[in-house]
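Enquirer: Have a look at the structure that comes next, please.
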Amino acid sequence: MNIAIDVMGGDYAPEAVIDGIIESINLLTNHETILAIGPEAVINSLFKSRNFSSTQVRVVHADQVIEMGEHPTKALSQKPNSSIGIGFSLLKEGKADVFASAGNTGAMMVGSLFSVKTIHGIQRPAIAGFVPQVDGHYAIMLDIGANADCKPEMLAQWAELGSIYFESTTGKSNPRVGLMNIGEEEQKGSILAQGTHALLKENSHINFIGNIEGKDLFRNKADVIVTDGFTGNIVLKMGESIYNIMKEQGMMNDFVENTNYENYGGSPIIGINGNVIIAHGASSPKAIKNMIKLCKSVVDSNVCQKIKAEFEEK
């Protein structure tokens, strides 16, 4: 397994990414290699300053960097030798099994769409976020920001994508699918929510349990939570704020600890012809280590191929 990592992505790159790679080495088997993408001299200097050397880390030179504030499409076209651009090239050519970055989210999404492309039959891929539950488990929510304006058909597909991902990575069969709404009643919500509810209700490929409300987010009511990217992004970031607020007030417990984004490492883009992970821009070494752990899980689960097989049959 080759795990491609954008060393230059994130607010604290490259140092935090390098430290995260070093911390993750003991997670790798003998047949797993990290491809560290970025300026070769910079990467080697950082490894040397930390007295680190490993045959399981290979440096892939990239002499350009896409900054956080750059326009995604323009940056990718103007900087083909960026760490993100090289990462997608490796993924497309089959030289990497998964590509992960804490860098420009828009560039990661655009790269996914125009490099490895969307799986045939899927209208729009989605970004899935991990939502901790009070019983110690987690649910996944999609979309969490890739698609702000949506159609019911898109959300209906995400319910299937989320179900396949959840089952493949957790081993839990027949995952419960809930639609985020402003009420449990079938007729509640926006035109989008009502239209989506009708499609999910008739979908025999999923275990649809109906609407769930914001108060149900952490209560283990659903394994897969479906919503539009605008709502999903707001809900996820609100959930992330719990950790910092509780930590500031000295009110920590297992549930609060699980709201720390560092524990999940990143969010997979689901519905594309490859494995891509987007990590939090403020990723620490701990978050990068868990990002690499997530990369391994996604590849080992073979979820991309399972999604392809499911949609090719339709």
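Yes/no per residue for (1) in contact (Cβ under 8 Å) with a residue 12 or more places away in the chain; (2) of a type outside the set (Val, Ile, Thr); (3) touching a helix residue (DSSP H, G or I) at 6+ places or on another chain (Cβ under 9 Å):
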residue	(1), (2), (3)
Asp216	yes, yes, no
Thr231	yes, no, no
Val235	yes, no, yes
Ile242	yes, no, yes
Lys293	yes, yes, yes
Val298	yes, no, yes
Phe311	yes, yes, yes
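Enquirer: So which residues in segment 215-255 are assigned to a helix (DSSP H, G or I), β-branched (Val, Ile, Thr) and surrounded by 16 or more Cβ atoms within 10 Å (Cβ to Cβ), if there are any at all? Before the answer, list the steps.
Expert: So the first thing to find is which residues in segment 215-255 are assigned to a helix (DSSP H, G or I), and the list is 215-216, 229-248, 254-255.
Next cut, β-branched (Val, Ile, Thr) only: 231, 234-235, 242, 245.
Of everything in segment 215-255, those that are assigned to a helix (DSSP H, G or I), β-branched (Val, Ile, Thr) and surrounded by 16 or more Cβ atoms within 10 Å (Cβ to Cβ) turn out to be Thr231, Val235, Ile242.
Enquirer: I would also like to ask the following. I'm trying to understand the selection: among the residues of segment 107-146, which are open to solvent by 10 Å² or more (accessible area, probe 1.4 Å) and within 12 Å of Val226 (Cβ to Cβ)?
Expert: Ile144
Enquirer: Which pairs have Cβ atoms under 6 Å, sit 6 or more apart or on different chains, and link a residue in segment 105-127 that is under 17 Å from Asp143 (Cα atoms) to one that is charged (D, E, K, R) and open to solvent by 20 Å² or more (accessible area, probe 1.4 Å)?
Expert: Ile119/Lys308
Enquirer: Among Leu35, Leu28, which is over 17 Å from Asn290 (Cβ atoms) and under 25 Å from the mean Cα position of the chain (by Cα)? Before the answer, list the steps.
Expert: Numbers: Leu28 fails: over 17 Å from Asn290 (Cβ atoms).
After applying the criteria, what remains is Leu35.
Enquirer: Just give me the residues in segment 89-104 being in contact (Cβ under 8 Å) with a residue 40 or more places away in the chain and either farther than 16 Å from Cys295 by Cβ or touching a helix residue (DSSP H, G or I) at 6+ places or on another chain (Cβ under 9 Å) (or both), in sequence order. Break it down into steps so the answer makes sense when it comes.
Expert: As a first pass, look at segment 89-104 and keep what is in contact (Cβ under 8 Å) with a residue 40 or more places away in the chain: 90-92, 95-104.
Once the filter is applied, which keeps residues that are in contact (Cβ under 8 Å) with a residue 40 or more places away in the chain and either farther than 16 Å from Cys295 by Cβ or touching a helix residue (DSSP H, G or I) at 6+ places or on another chain (Cβ under 9 Å) (or both), segment 89-104 yields Leu91, Lys92, Lys95, Ala96, Asp97, Val98, Phe99, Ala100, Ser101, Ala102, Gly103, Asn104.
Enquirer: Here is a list of conditions, (1) at pLDDT 95 or above; (2) open to solvent by 40 Å² or more (accessible area, probe 1.4 Å); (3) in a helix (DSSP H, G or I), and Asn51 meets all of them except one; can you say which number that is?
Expert: (3)
Enquirer: Taking the condition of being farther than 18 Å from Gly111 by Cβ and touching a residue at least 24 places away in the same chain (Cβ under 8 Å), how many residues in segment 37-58 meet it? Let's see the steps before the verdict.
Expert: Filtering segment 37-58 down to residues farther than 18 Å from Gly111 by Cβ leaves 39-58.
Still in the list and also touching a residue at least 24 places away in the same chain (Cβ under 8 Å): 39, 42-43, 46-47, 50, 52, 54, 56-58.
Here the count works out to 11.
Enquirer: Restricted to segment 262-314, and to residues that are among the hydroxyl-bearing types (Ser, Thr, Tyr) and part of a loop (DSSP other than H, G, I, E, B), which residue is farthest from Ser204 (Cα to Cα)?
Expert: Initially, segment 262-314 is screened for residues among the hydroxyl-bearing types (Ser, Thr, Tyr), giving 264, 267, 283-284, 297, 301.
After this cut, where a residue has to be part of a loop (DSSP other than H, G, I, E, B) as well, the list is 264, 283-284.
Values: Tyr264: 30, Ser283: 39, Ser284: 42 Å.
Among those that are among the hydroxyl-bearing types (Ser, Thr, Tyr) and part of a loop (DSSP other than H, G, I, E, B), it is Ser284.
Enquirer: A further question on this structure: Please identify the pairs in which a residue from segment 129-151 that is under 10 Å from Asn220 (Cβ atoms) has its Cβ atom under 6 Å from the Cβ atom of a residue that is in a loop (DSSP other than H, G, I, E, B) and open to solvent by 30 Å² or more (accessible area, probe 1.4 Å), counting only partners at least 6 apart or on another chain.
Expert: Gln133/Phe218; Gln133/Asn220; Val134/Phe218; Asp135/Asn220
Enquirer: Among (1) touching a strand residue (DSSP E or B) at 6+ places or on another chain (Cβ under 8 Å); (2) under 18 Å from Tyr264 (Cα atoms), where does Asn244 come up short?
Expert: Of (1) touching a strand residue (DSSP E or B) at 6+ places or on another chain (Cβ under 8 Å); (2) under 18 Å from Tyr264 (Cα atoms), only one is false for Asn244: (1).
Enquirer: Name the residue, out of Ile212, Ile191, that is within 14 Å of Asp228 (Cβ to Cβ) and either open to solvent by less than 10 Å² (accessible area, probe 1.4 Å) or out of contact with any Leu (no Cβ under 8 Å at 6 or more places or on another chain) (or both).
Expert: Numbers: Ile212 fails: within 14 Å of Asp228 (Cβ to Cβ).
Among Ile212, Ile191, only Ile191 is within 14 Å of Asp228 (Cβ to Cβ) and either open to solvent by less than 10 Å² (accessible area, probe 1.4 Å) or out of contact with any Leu (no Cβ under 8 Å at 6 or more places or on another chain) (or both).
The values are calculated or read from the model by the stated rules, or taken from the named source; none is laboratory data. For clarity, every value in this text was computed on a predicted model and none was experimentally measured. Quick reminder, even Gly has a Cβ in these numbers, built from the backbone with ideal geometry, and neighbours come from all protein chains shown. When the accessible area is computed, the model is the full protein with side chains, heavy atoms only, and any ligands, DNA or RNA have been set aside. Shrake-Rupley method; radii C 1.70, N 1.55, O 1.52, S 1.80 Å.
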